[in-house]
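K.L.:
Mind having a look at this structure? Questions to follow.
The values are calculated or read from the model by the stated rules, or taken from the named source; none is laboratory data. Model, not experiment: these values are computed from the prediction. Glycine also receives a Cβ, built like all others from the backbone with ideal geometry; neighbour counts cover every protein chain displayed. Protein only, heavy atoms only, side chains kept; ligands, DNA and RNA dropped before computing areas. Shrake-Rupley method; radii C 1.70, N 1.55, O 1.52, S 1.80 Å.
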Amino acid sequence: MPMSKYYGIDVGGTTVKLGLFTETGLQEKWEIPTDISDGGKNIIRDIAASLKGDAASAAIGVPGAVLADGTVNRCVNLGWGVCRPGDEFTAITGIPCRMCNDANAAALGEQWLGGGAGSENVLMVTLGTGVGGGLVLGGSLVTGSHGAGGEIGHICVEPDEPEACSCGNHGCLEHYCSATGITRLGVRAGMGALTAKDIFDRAAAGDEVALAVVDTACDYLGRGIASVCAVCDPEAVVIGGGVARAGEFLRIRVDKAFHKYAFHACRGTSIRLATLGNDAGIFGTARLAMA
């Protein structure tokens, strides 16, 4: 008897990544451009047209808040307001479809076959232009009542911060630990507007100012992770995103800071690096489709 097939779909602002999966893993993957013209009205139709046959079910990850019933509560990067794209997908293809936030999808993917494999309870932290996150407990995503579950980037770690975060609050973790946040710390340290990669490269080469900036960012991140772990107590924390390309140089420092701030019962939590890269979203949405 042939195994069922599932589509995992990750919608980004410029590219839609698609994967065809069985329960054993990825069988085929491809990409199409994201057409954000006309308020993104062509996105779902383009996805449907690119599919490679029928499937038992599908799931789509998007860069915005998604409620438990599949309602997307605005995706500014796609031009979407409040909408139900999963229903549109099913109406066109006949394939049942679930929706989720893209960071949550990445968390589920890493928990399934990535850096968190083998652990039922995983916190995913993505360090890119912002700081995103996702939480998997008992093998299932935790999205919360408002679709904001796992939004570790907007934990307040510095209440006296005078400059507002992109969310409008002050002192969010994202303000210091994202790629732009690390650049901000570098400017404040007198380094000029270097990229986060430049700062990490200089730190690895022994530049004391750059190393102080990296240590500050990692200290904030370790503190934020410790706060979340005191609530949900995961087995593993998986760090991904562009900043995580710094690898062990980053992980070791975050692990040290985490242990400084963690509740004693949570200090056995493993701090790991993500392994699926840009494919984490399609792995996670495929896993959600299987549920």
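K.L.:
Mind listing whichever residues of the range 256-268 are in contact with an Asp or Glu (Cβ under 7 Å, 6 or more places away or on another chain) and assigned to a loop (DSSP other than H, G, I, E, B)?
P.N.:
none
K.L.:
Return the residues of the range 134-145 that are modelled with pLDDT of 90 or more and open to solvent by 10 Å² or more (accessible area, probe 1.4 Å); say none if nothing qualifies.
P.N.:
L135, L137, G138, G139, S140, L141, V142
K.L.:
If you don't mind, another one. Of the numbered conditions (1) of a type outside the set (D, E); (2) more than 30 Å from A56 (Cβ to Cβ); (3) touching a residue at least 40 places away in the same chain (Cβ under 8 Å); (4) not in a strand (DSSP E or B), I239 fails exactly one; give the number of that condition.
P.N.:
Every condition holds for I239 apart from (4).
K.L.:
How about the range 36-82: which of its residues are part of a loop (DSSP other than H, G, I, E, B), open to solvent by less than 90 Å² (accessible area, probe 1.4 Å) and out of contact with any Asp or Glu (no Cβ under 6 Å at 6 or more places or on another chain)?
P.N.:
Within the range 36-82, I36, L51, G53, A55, A56, G64, L67, G70, T71, G79 qualify.
K.L.:
Would you mention how many residues in the range 203-219 are farther than 15 Å from A179 by Cβ, over 24 Å from the mean Cα position of the chain (by Cα) and of a type outside the set (V, I, T)?
P.N.:
Selection size over the range 203-219: 7.
K.L.:
Which residue is surrounded by the most Cβ atoms within 10 Å (Cβ to Cβ), if the candidates are limited to the range 22-35 and must be without any contact (Cβ under 8 Å) to a residue 40 or more places away in the chain and not in a strand (DSSP E or B)?
P.N.:
D35
K.L.:
Next up: What pairs come out if I take residues in the range 182-198 that are surrounded by fewer than 16 Cβ atoms within 10 Å (Cβ to Cβ) and pair them with residues that are at pLDDT 95 or above and assigned to a loop (DSSP other than H, G, I, E, B) whose C-beta lies under 9 Å away, six or more apart or interchain?
P.N.:
Cβ pairs passing all conditions: V187/L194.
K.L.:
Exactly one of these conditions fails for V125: (1) closer than 23 Å to Y220 by Cβ; (2) at pLDDT 90 or above; (3) part of a helix (DSSP H, G or I); (4) not hydroxyl-bearing (S, T, Y). Give me its number.
P.N.:
All conditions are met except number (3).
Matching residues to (1) out of contact with any strand residue (DSSP E or B) (no Cβ under 6 Å at 6 or more places or on another chain); (2) crowded, with 16+ Cβ neighbours inside 10 Å; (3) in a loop (DSSP other than H, G, I, E, B):
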site	(1), (2), (3)
G86	no, yes, no
R98	no, yes, no
W112	yes, yes, no
G118	yes, no, yes
G132	no, yes, no
G147	no, yes, yes
G153	no, yes, no
